Each structure stands twice: as structure tokens, then as C-alpha cells.
1. Using modelled amide H (1.01 Å from N, peptide plane; none on Pro or chain starts), what sits under 5 Å from the amide H of Asp12, excluding residues fewer than 5 places away?
2. Excluding Ala9 itself, calculate the net charge of residues whose Cβ lies under 15 Å from the Cβ of Ala9, where each Lys or Arg counts +1 and each Asp or Glu counts -1.
3. Tell me, what ³J(HN,Hα) does each residue in region 19-24 have, in order and in whole Hz, if you take phi through Karplus 6.51 cos²θ - 1.76 cosθ + 1.60 with θ = phi - 60° and put x for Gly and Pro?
4. How do the peptides 19-26, 44-51, 6-13 rank, highest first, by the average count of neighbouring beta carbon atoms within 10 Å per residue?
5. For the pair Asn8/Asp30, report the inter-label distance in nm, with labels modelled 7 Å from Cα in the Cβ direction.
Amino acid sequence: MSYPGFGNAPEDPSITCFRDLVNTIVSRIDRPTALIAQSMGGVLAIEATIRKPSLITNLVLIATSGGLDTSKLAPSTGARSSGETIRTYPTGLSRTVPT
């Protein structure tokens, strides 16, 4: 399935925002479907799964946040006097990375 206006799919003038795109794509899912999505498509795929869980057989997300706010997931960076950088990850685990 292609997004309207992408690749060989014709444009759809009724799609004027992301929500319209989501509604259009979700409306096309009418039988058991495996969704594979990357980047912005992850947001759409998660929305489709939420709306039509009985029809989504598999969900594969590649290089996407899925629409989650990832700003709090970035590691924080600190420095040691030895010149090493410490990255602390959200799980509380740390690892030392040479600078």
C-alpha cells in the first residue's frame, strides 16, 4: 500500500493533513494485514493497530519513534577529569566511552 502522492500512487486532494492520511490508510485495511513501517510510517502503523487490532497480524517498526516523545530517552552526557565521557541511559545503566 502506498501513500497517496508517493511513488506511483495518485495524489488525493482530500488529504490536507497527517490525520487525513491516517484515516485514508486505515480505511483501506479490510482483511488480516501485516504492517511494516519505517520513519513517519511508524506513527501511522501504530494508529492502524490501535484502531483495527483484530486485523493487524504483525507489526514491524523500523527506525521510528512511533510518535512517542523520545526527548526523555536520550542519554545524558557527563565528563570525567580523565577525559572520558560517561553516557547515562534511561535504564540507569552507564557505560564509559573514550573521547
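1. Here the answer is Gly5, since their amide H atoms fall under 5 Å of that of Asp12.
2. Values: positive: Arg28; negative: Glu11, Asp12, Asp20.
Net charge in that neighbourhood comes out at -2.
3. Each residue of region 19-24 in turn: 4, 4, 4, 4, 4, 5 Hz.
4. Details: 19-26: 15.5, 44-51: 18.8, 6-13: 8.8.
Averaged packing, sorted descending, gives the order 44-51, 19-26, 6-13.
5. So the two model labels end up 2.1 nm from each other.
Just so you know, all these numbers are worked out from the coordinates, no wet-lab data involved. None of the values given here were measured: they were computed from a predicted structure. Ideal geometry is used to build each Cβ from the backbone, glycine not excepted, and the neighbour counts take in all protein chains shown.
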